[in-house]
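Structure, as structure tokens:
The values are calculated or read from the model by the stated rules, or taken from the named source; none is laboratory data. Treat the numbers as computed from the prediction; the structure is a model and nothing was measured. Positions of Cβ are backbone-derived with ideal geometry, glycine not excepted, and every protein chain shown enters the neighbour counts. Surface areas here come from the heavy atoms of the whole protein model, side chains and all, with no ligands, DNA or RNA. Shrake-Rupley method; radii C 1.70, N 1.55, O 1.52, S 1.80 Å.
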Amino acid sequence: QVQLVESGGGLVQAGGSLRLSCAASGRYVMGWFRQAPGKERDFVATINWSGGMTYYADSVKGRFTISRDNAKNTVVLQMNSLKPEDTAVYYCAASRRYYSGSMSASDFDSWGQGTQVTVSS
């Protein structure tokens, strides 16, 4: 397993932006998931090792962007036009599997501690 450390969560008004970062070293597929209170952990976005392939949940497509800088061992989730329904704990995750776009939580081997994102209306 690889150690993942997230940062960048916080409180923002609807329509605002936040940038989440995940420090992770190694040749992994990376993903972001989120979990709202009382709900299951949902897929948000994934990116392959080179950064050339990405995939997004329909609910965030066009608003969120996942990217990575392998030289800095960092994966970023840029979140724009945030909505109250984006409120959740966001988790960074790493997978040793081949990249396949829409990947489930069970495809990922390592998880960060999570960072809270709260969007007020």
Point to revise | Kirkwood-type radius of the chain, with distances r between different C-alpha atoms, in Å | key: 14.0 Å
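What fraction of the DSSP beta bridges in the chain is antiparallel, stated in percent and rounded to the nearest 5? Walk me through the intermediate numbers first.
Values: 35 of 39 bridges.
So the antiparallel bridges amount to about 90 percent of the total.
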Study note, to complete from the structure: Sparse-neighbourhood loop hits (chymotrypsin sites (Phe, Trp or Tyr not before Pro), the range 81-121; DSSP loop; Cβ within 10 Å at most 13 others) -> TYR98
Review point. What is the magnitude of the charge dipole of the range 1-104 about its Cα centre, with +1 placed on the Cβ of each Lys and Arg, -1 on the Cβ of each Asp and Glu, and no other charges, expressed in debye to the nearest 20?
Key: 240 debye
Study note, to complete from the structure: With label points set 7 Å from each Cα along the Cα-to-Cβ direction at ASN80 and VAL5, the distance between them in nm comes to 3.0 nm
Point to revise | Rough spin-label spacing in nm, given labels placed 7 Å along Cα→Cβ, for GLN116 and LYS39 | key: 1.7 nm
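Out of the trypsin sites (Lys or Arg not before Pro) in the range 66-121, which ones are loop residues according to DSSP with at most 13 other C-beta atoms within 10 Å?
When the trypsin sites (Lys or Arg not before Pro) of the range 66-121 are filtered for loop state and at most 13 Cβ neighbours within 10 Å, LYS72, ARG97 remain.
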Exercise for review: Please work out the Cα center distance from the range 68-121 to the range 1-28, rounded to the nearest Å.
Suggested key: 7 Å
Point to revise | Geometric extent, Cα atoms of the range 5-50 - Rg, Dmax (angstrom) | key: 12.8, 36
Review point. Across the range 67-77, in residue order, what do the Karplus-derived ³J(HN,Hα) couplings come to in whole Hz, using 6.51 cos²θ - 1.76 cosθ + 1.60 with θ = phi - 60° and x for Gly and Pro?
Key: 8, 8, 10, 5, 5, 9, 6, 9, 10, 10, 10
Practice item. Could you work out the Rg to Rh ratio of the range 59-121, with Rh taken as the Kirkwood radius (inverse of the mean 1/r over all Cα pairs)? Key: 0.97
Review point. In Å², what does the accessible area per residue of the range 11-83 work out to with a 1.4 Å probe?
Key: 52 Å²
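Express the carbon and sulfur contribution to the solvent-accessible surface of the chain as a percent, rounded to the nearest whole number, probe 1.4 angstrom.
Numbers: 2890 of 6270 Å².
Here it works out to 46 percent.
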